[in-house]
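Okay, so here's the structure we're looking at.
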Amino acid sequence: MEAAAYGVTSERISPQARQVVERLQDAGYTAHLVGGCVRDLVLGREPKDFDVVTEARPEEIRQIFRNARLIGRRFRLAHVHFGREIIEVATYRAAPADDQEGDHGNVFGTAEEDAFRRDFTVNALYYDPSEGVIRDYVDGLKDLADGWLRVIGDPEERFREDPVRMLRAVRFAAKLGLRLTAEGRALVPQLGPLLRQVAPARLFEEVLKLFQAGNAVATHDVLWEHGLFAVLFPEVAEALGGAPDDESLLAAALANSDRRIAEGKPVTPAFLFAALLWEPVREQAIHAVAEHTPSAEAWQNAAEQVLREQLKVILIPKRFSVPMREIWSLQSRFERRSGRQAFRFLESKRFRAAYDFLGLRTTAGELAPDLFDWWTRFQEASAGEQKTMVEGLHERGEKRPRRRRRRRASGA
Ligand code: ATP
Ligand code: MG
C-alpha cells in the first residue's frame, strides 16, 4: 500500500525513529514502524511515540546500536536511547501471546505472524518509511477508514486470553472515535467480569491510561456504555445507583481534568482516585453520621472501607492512596477558619489539592458556594484583608478555637 496515499510520509515521524529503522535495514534486516504510531499517522494525528519492529533478534539489535539496552524478561526487547527520547525496538513475534502477561516466551516470527498476535486490526499496520509503504495483513486500513475497532482473530478467544483488550477497546474508542464492531460489543458485557482476574497492578496502569489521556469524559461514558465501569469500580457504581450521573463530583472532576490536560497542567493519580471513589465514601460517611457515629470517625471508616474494597480490583499504590485520603480528610479543615487556623492551613503542602477538591464539591452542589468563595478570596487577599476576613467570621458567629492553656516554661 502506498503510504503517501494515506498522508503518511517520513517527515511526519521522529528523526530518531527513522534512523533506527534505517540502521536496521542497512544491517540487512527488515524493519517497520508499527502499532499506535502508524494508526495515528493515518488518522492525521500526531503519534505519542514511535515503536519499531524488526526481524533482528534482541542480541542483534544490541550489536547494531551502541545506545541500546535490552529490557523485559519474558519478552526481550530493546530500548534505543537518544537523550530523553527512547525508541522501543521489538522483534517480530509469532503465536498469540499477550504483551504483558503471556507466558509463551520469545517465539519469533515474521512480520505477518506478528500482525496476527496484535489486538485490533487498526493497531497492526506496518510502515516502512524507506520504501514508503504500509503493509496491511489484516485489512486495518479499511477498518480505520470506516471507523471500526475490529479484534484480530476470534474476539471471544482474544478477550479471554487477555481481558485488558476490552479496556484498550474503550480507550481507543474514546480517544479516536472508533467503534468496536458488533461482534466485539456483544461480548464485552458478558466477558467484562474477567477483568477481575487481571493483576490489580496492571489494572491500575490501564486505568491511568484511560483517565489521563485528556478525554476522560468520553472514556467514562464509553466505560458505562460497555458495562465496564461497574466492573472496575463496583462500589462507586452502586453508590451512583448503577448509572452515570452528569451532576456528580466525578463528572465535574473528569471535565476539569480534561481541561487541565489541554492546558498542559498535570493531573495527579491521587486527585483522580479521590474523585473516582468519593461518592461511596461520602454516602457511607453520611449514613454513619446519621447513625450517630462521630463525624471524624465516620469519614475515616468510610475511607478505609471503600479503599479496602477497591484494592481488590485495582492496586492503587500507597504513594497515591495516602495523599488521596488526605484530600478527603482535609475537607473538614475548610470549616475551621478562625484564629490562626485558616493561615496555617493555607501554608500546608496539601492545601491546593484539597481546595481544588472543595471546588469540585461545590460545583457538584454538595455545598453552598460561600465556603469555596471565602477561601478563593482569602488566598488572593492581602495580609490585612485576610485578618479582617477571619475577624468577620467571628462576628458572624463562627466559633473561635478554644485556646489551649499552656504554661510557659520559665526561663525557656
Ligand atoms: P497508544 O497510542 O495509546 O500508545 P498503542 O496502540 O501504541 O496506543 P500500546 O499499548 O503502546 O498501544 O501498544 C503498542 C502495540 O502493541 C499496539 O498497537 C498493539 O499492536 C500491540 N498491543 C499492545 N497491547 C496489546 C495486547 N494486550 N494484546 C495484543 N496486542 C497488544
Ligand atoms: Mg504506543
For segment 332-344, indicate whether the set of residues that are under 22 Å from the mean Cα position of the chain (by Cα) and in a helix (DSSP H, G or I) is non-empty. no
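Of everything in segment 124-138, what is within 15 Å of ligand 1 (Cβ to nearest atom) and not hydroxyl-bearing (Ser, Thr, Tyr)? Give them in sequence order.
Within segment 124-138, Ala124, Leu125, Ile134, Arg135, Asp136, Val138 qualify.
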For segment 76-85, state whether one or more residues are within 16 Å of ligand 2 (Cβ to nearest atom), surrounded by fewer than 15 Cβ atoms within 10 Å (Cβ to Cβ), touching a residue at least 24 places away in the same chain (Cβ under 8 Å) and of a type in the set (D, E, K, R). yes
Assess whether Arg179 counts as being of a type in the set (Lys, Arg) and crowded, with 20+ Cβ neighbours inside 10 Å. no
Across segment 64-84, the tally of residues that are under 30 Å from the mean Cα position of the chain (by Cα) and either of a type in the set (A, V, I, L, M) or within 16 Å of ligand 1 (Cβ to nearest atom) (or both) stands at 11
I'm told Phe120 meets every condition in (1) near ligand 1 (Cβ under 10 Å from one of its atoms); (2) over 19 Å from Arg57 (Cα atoms); (3) in contact (Cβ under 8 Å) with a residue 60 or more places away in the chain except one. Can you identify the failing condition by its number? (3)
So, restricting to helices (runs of 4 or more DSSP H) that lie completely within segment 108-217, which ones have at least 2 residues that are closer than 25 Å to Leu41 by Cα and in contact with a Leu (Cβ under 8 Å, 6 or more places away or on another chain)? 140-146, 164-176, 200-211
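Condition check ((1) in a helix (DSSP H, G or I); (2) free of Cβ contacts under 8 Å to residues at least 12 places away in the same chain) across all residues:
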{"site": "Ala251", "(1), (2)": "yes, no"}
{"site": "Arg259", "(1), (2)": "yes, yes"}
{"site": "Pro266", "(1), (2)": "no, yes"}
{"site": "Phe273", "(1), (2)": "yes, no"}
{"site": "Trp278", "(1), (2)": "yes, no"}
{"site": "Arg282", "(1), (2)": "yes, no"}
{"site": "Ala288", "(1), (2)": "yes, no"}
Check on Val20, in a strand (DSSP E or B), within 16 Å of ligand 2 (Cβ to nearest atom) and crowded, with 22+ Cβ neighbours inside 10 Å: no
Looking at Ile61, Ile87, which one is within 13 Å of ligand 1 (Cβ to nearest atom) and either in contact with a helix residue (DSSP H, G or I) (Cβ under 6 Å, 6 or more places away or on another chain) or assigned to a helix (DSSP H, G or I) (or both)? Ile87
Of the residues in segment 32-57, those that are away from ligand 1 (no atom under 16 Å from the Cβ) and surrounded by fewer than 21 Cβ atoms within 10 Å (Cβ to Cβ) come to Glu55, Arg57
Note: among Arg185, Arg171, just one is surrounded by 18 or more Cβ atoms within 10 Å (Cβ to Cβ) and under 27 Å from the mean Cα position of the chain (by Cα), namely Arg171
Scanning segment 23-52 residue by residue, the ones that are more than 16 Å from ligand 2 (Cβ to nearest atom) and without any contact (Cβ under 8 Å) to a residue 60 or more places away in the chain total 6
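Quick note: the coordinates plus some simple rules give every number you see, no bench work behind them. Please read all numbers here as calculations on a predicted model, not as lab measurements. Cβ sites come from the backbone with ideal geometry, for glycine too, and all protein chains shown count toward neighbours.
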